[in-house]
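Reviewing the structure listed below.
The values are calculated or read from the model by the stated rules, or taken from the named source; none is laboratory data. Predicted model only: the values in this text are computed from it and were never measured. Please note: Cβ atoms are built from the backbone with ideal geometry, for glycine as well, and neighbour counts cover all protein chains shown.
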Amino acid sequence: MPTIWCANSLTHDDKTKMGQKPNFPKGQRRLNHNLATFLTNISSLSFTENDYLCTPCYQRSMEKFNEMYICINSPPAMETDEPRPTRTAATTALSNIATLNTFDMFLSDQNKSSDILDDEIMDIEFLVNRENSLALLNKFFSLVGLSSVRDIRNQNILRQKVNLGIIVIRKAAEELYKENQEKEEIIKSNNKSDITINDVNELVTNFQLLVNMSDYAEQIRLLTLVPKAWGRVKTSTFFGCTDHQARYGIYLRDADQVLSYPIDCRGNLPFDPFIEQTVFNFYHTDEISKASPNKKDVLQNNKNPKPIRFMLMSLREAYQIFIQENPTMHVGKSKFCSIKPKWIKTTTPHDSCVCEHHHNPELLLNVMNRLISFRLTLSSLVEMMVCQNSTVDCFLRQCSTCNTKMPSIYFIELLQINGTNEDDDITWVLWEKNEKKTELQRHTTSISTLLDKLDCLWNKFLIHYFVTIEQREYIKQIKLISSEHGTAIVQLDFAENFCLFSQSAVQSSYYYNKQVTIFTVHIKMGLGHRNLVFISDYMKHTTEFVYQAQMDFGIAASWTFSSTSHGKGPVDGVGAAVKSCATRYLLQGSTEQAFLSAEEFFRFTHQANDHQVMKGDLEPNRPIEAFYIKSSDIDFIFKRTLQKRWACLERTNWIEGIQSKHQFDPVGVGNIKCRRTSSDSYSETFELF
């Protein structure tokens, strides 16, 4: 930035601006128009209002300027015996505001013939006006009990005193209004004069609060309403905003774009990392995707194995659910799809674990969708069959408002609109249980028969649908409140048995491979988690095995079950990772490296995970902790503990309808409280022994 020197070069002839250490004084005080005109008239130099003077030159120039002003305006200044102003004097002073320019007009008329003195006359007029205004203002201050003003250079103090004087007058008027209610109604009009000082302060305070509560762009939009006399510094100080916001708001205000939104011209901005992480976690929820239990479905991500998850719906449906759950997050569909991790697949391979309660109504619904040429999902059909503000009674078909609504009634109306006859034949398939096995059956019947079958499945499906939603939300909530030193969420399940095959095996050994039982456990404690796997040669997936894996620790616990066929979770990924690692080892090795027993498979799994990693807030531990349980130990514990305990139970005290219960809480010793869902207020207590 260039150096600003003192403009009065005649005073500093012996100074220099050159060299490494120039001694010419720098300009510190800026000239106004009147002082610049005065110096130009008395000096051979030409000064403008953009010039600067050093402090000594500025003080000397002001002294000369004031001396000339005193000489010209000496008669009014000598009136020192003026009596104390009264209300009459104040009224006279206020009425003389219109005559402030009388002396100026006189001077101007006397000097019209002299063009040389025009600038000096304008300066004198300005000084006289300012002096008269100051005298009138001081008279006003004396009436309201404020001290007089002598130095008018501090504009902030002068403005504060004027505001205080106005407040005193407004408060006095308000007191008069309170004493005379009729007078108040007469004075009130459509203008803004009836607004009190307290009203003004409340409006300003609420406007400040509105600005502080708004987002970044909305704050700039509101700042366009500030007065035109306000600058950047005052605006940013008053509202507590940034200088950039104040500058942008003033720019829009001066451009007559009041209440206009700011335009970001920076091009493509980086995506919000918080929203990106939220979308990433959304893809991993059990409602959107499920972990594959297949040992081959593992993807290496930077040498870190990731169990593959399969989407339970299309990307469009997942995007709509995300927007409904997060309405304040702005993300486009293309960006939403691009955030999907590569180990989450949209195309699902052959799936043999589909829920029968969901799949059968969906098969019938797909047939009806083809008839009515309209795509209707199960969830949307459920919303149509229950009340808008649905309760548990709606799903149990105990609601007096919606218990008569059935899918057949809705579809019959649509068929009549399309002109389709209910007696027309149609082919449909359904999973049905015949002789203790479930098979896919194909039927060719009338449309009315298909609708009757859908109605038969509907009541049971509604209960299953309600339990599925309730348990999924409850499990999601308890995972959020888990902590390292508080509540731990333990998910456990049996994985599919692992076959101990060998590379280059003989043909006759194909049907005689040994198997290994794998019991997987996932423990979540806040941000940390632990993965456990129990390997055994005990081939029965029964309570005896589960008891040996968890034992009696004396810790308070509750059992929470998901609905049938909806228990997919991280434990499926743990089992897939263990079997995938062992399969790659066997296929890459020779016959000598084959596992001949469950104990050898356990030693390999333990060695493959024998390295420390960080998992959230917990101490470093293994990726998957492996344990081995002998079948002989399970039989011994069963005979020593469980067999004696179960012998005390009477068959008459068994829990009734246990398959419809999904929450079990122990109450003391021998008593257990059961609920249909975890959030259900109604419960039943059973005394076991």
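Yes or no: segment 611-630 includes at least one residue that is modelled with pLDDT of 90 or more, outside any strand (DSSP E or B) and over 30 Å from Lys303 (Cβ atoms). Looking through segment 611-630, at least one residue is modelled with pLDDT of 90 or more, outside any strand (DSSP E or B) and over 30 Å from Lys303 (Cβ atoms).
For segment 372-384, indicate whether the set of residues that are among the aromatic types (Phe, Trp, Tyr), at pLDDT below 90 and touching a helix residue (DSSP H, G or I) at 6+ places or on another chain (Cβ under 8 Å) is non-empty.
Going through segment 372-384, the residues among the aromatic types (Phe, Trp, Tyr) turn out to be 374.
Keeping just the survivors that are at pLDDT below 90 gives 374.
Filter once more, keeping what is touching a helix residue (DSSP H, G or I) at 6+ places or on another chain (Cβ under 8 Å): 374.
Checked against the condition, which is being among the aromatic types (Phe, Trp, Tyr), at pLDDT below 90 and touching a helix residue (DSSP H, G or I) at 6+ places or on another chain (Cβ under 8 Å), segment 372-384 yields at least one hit.
Residues considered: Lys460, Lys453. Of these, the only one that is assigned to a helix (DSSP H, G or I), surrounded by fewer than 16 Cβ atoms within 10 Å (Cβ to Cβ) and not β-branched (Val, Ile, Thr) is Lys460.
In the set (1) under 54 Å from the mean Cα position of the chain (by Cα); (2) more than 20 Å from Asn201 (Cα to Cα), Ile166 fails one condition alone, (2). Among the residues here, Ala495 qualifies as in the same structural domain as Gly575 (by TED's automatic domain parsing), in contact with an Asp or Glu (Cβ under 9 Å, 6 or more places away or on another chain), under 25 Å from Gly589 (Cα atoms) and among the small types (Gly, Ala, Ser). Of all residues in segment 633-644, those that are touching a residue at least 40 places away in the same chain (Cβ under 8 Å) have Cβ atoms under 6 Å from Cβ atoms of residues that are in a helix (DSSP H, G or I) and among the acidic types (Asp, Glu), 6 or more apart or on another chain, in Ile634/Glu544; Phe638/Glu544. If we keep just the residues of segment 310-337 that are of a type in the set (Ser, Thr, Tyr) and under 18 Å from the mean Cα position of the chain (by Cα), which is surrounded by the most Cβ atoms within 10 Å (Cβ to Cβ)? Ranking the qualifying residues of segment 310-337, first place goes to Tyr319. When Leu396 is tested against the conditions (1) modelled with pLDDT of 85 or more; (2) under 26 Å from Lys290 (Cβ atoms), the lone failure is (2).
This table checks each residue for (1) over 25 Å from the mean Cα position of the chain (by Cα); (2) assigned to a loop (DSSP other than H, G, I, E, B).
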| position | (1), (2) |
| --- | --- |
| His244 | no, no |
| Tyr248 | yes, no |
| Leu259 | yes, yes |
| Arg266 | no, yes |
| Pro270 | no, yes |
| Glu276 | no, no |
| Val279 | no, no |
| Pro305 | yes, no |
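Could you tell me whether Ser142 is closer than 30 Å to Val233 by Cα and at pLDDT 75 or above? So Ser142 does not fit the description; no.
Only one entry of Lys306, Lys340 meets the criterion of being surrounded by 14 or more Cβ atoms within 10 Å (Cβ to Cβ), basic (Lys, Arg) and modelled with pLDDT of 85 or more, and that entry is Lys340. Within segment 573-602, the set of residues being of a type in the set (A, V, I, L, M, F, W, C), crowded, with 17+ Cβ neighbours inside 10 Å and in a helix (DSSP H, G or I) comprises Val574, Ala576, Ala577, Val578, Cys581, Ala582, Leu586, Ala598, Phe601, Phe602. Tell me, yes or no, whether segment 561-572 has at least one residue that is over 30 Å from Asn671 (Cα atoms) and in a strand (DSSP E or B). The answer is no, given that none of the residues of segment 561-572 is over 30 Å from Asn671 (Cα atoms) and in a strand (DSSP E or B). Mind checking whether some residue in segment 514-529 is assigned to a loop (DSSP other than H, G, I, E, B) and surrounded by fewer than 15 Cβ atoms within 10 Å (Cβ to Cβ)? For segment 514-529, residues assigned to a loop (DSSP other than H, G, I, E, B) and surrounded by fewer than 15 Cβ atoms within 10 Å (Cβ to Cβ): present.
Which ones in segment 30-54 are buried (at least 17 other Cβ atoms within 10 Å of the Cβ) and over 21 Å from Phe126 (Cα atoms)? Those that are buried (at least 17 other Cβ atoms within 10 Å of the Cβ) and over 21 Å from Phe126 (Cα atoms): Tyr52, Leu53, Cys54.
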